[in-house]
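Engineer: Below is one structure. I have some questions about it.
The values are calculated or read from the model by the stated rules, or taken from the named source; none is laboratory data. None of the values given here were measured: they were computed from a predicted structure. Every residue, glycine among them, receives a Cβ derived from its backbone with ideal geometry; neighbour counts consider all protein chains shown. Heavy atoms of the whole protein, side chains included, go into the accessibility calculation; ligands, DNA and RNA do not. Shrake-Rupley method; radii C 1.70, N 1.55, O 1.52, S 1.80 Å.
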Amino acid sequence: MLATAATVIEGVKDEVLKAAPRDVPFLSSAAVYALLAKDLDADASKSADVAKLMKDGVASLDKAAGGDFLKAKPAQRAAAV
């Protein structure tokens, strides 16, 4: 499920960073992603509905990006989102 979480995060990372507090200097973008991935993975482990939602979302991103969303060029990713 972590690979699915990583794809979901990559798809929304700009929005995640906008929401991250700016006044916490020790909070890196990598830390934000790690915490989000952990939470998404935990949610998907507890709920089949959440796991399906994430898998379906990744499949949609992959399709819109013309293949593997994570391997797509930035412009393709932006268009897919």
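Engineer: Collect the residues in segment 69-81 that are free of Cβ contacts under 8 Å to residues at least 40 places away in the same chain and open to solvent by less than 70 Å² (accessible area, probe 1.4 Å), keeping them in residue-number order. If you could, list the steps in order and put the result at the bottom.
Structural biologist: Initially, segment 69-81 is screened for residues free of Cβ contacts under 8 Å to residues at least 40 places away in the same chain, giving 71-76, 78-79.
Within segment 69-81, just A72 meets the criteria.
Engineer: Output yes when any residue across segment 60-67 is assigned to a helix (DSSP H, G or I) and modelled with pLDDT under 70, and no when none is. Reasoning before the result, please.
Structural biologist: Let us first name the residues in segment 60-67 that are assigned to a helix (DSSP H, G or I), namely 60-64.
Those left that are additionally modelled with pLDDT under 70: none.
Scanning segment 60-67, I find no residue that is assigned to a helix (DSSP H, G or I) and modelled with pLDDT under 70, so the answer is no.
Engineer: For segment 36-50, how many residues meet the condition of being over 11 Å from the mean Cα position of the chain (by Cα) and of a type in the set (A, V, I, L, M)?
Structural biologist: Within segment 36-50, residues that are over 11 Å from the mean Cα position of the chain (by Cα) and of a type in the set (A, V, I, L, M) number 4.
Engineer: Still on this model: Which one is nearest to G11 (Cα to Cα), of the residues in segment 23-67 that are charged (D, E, K, R) and open to solvent by less than 70 Å² (accessible area, probe 1.4 Å)? Spell out how you get there, then give the answer.
Structural biologist: First, pick out the residues of segment 23-67 that are charged (D, E, K, R): 23, 38-39, 41, 43, 46, 49, 52, 55-56, 62-63.
Now narrow it down to the ones that are open to solvent by less than 70 Å² (accessible area, probe 1.4 Å): 41, 62.
Working: D41: 16, D62: 10 Å.
Only one residue tops the list, namely D62.
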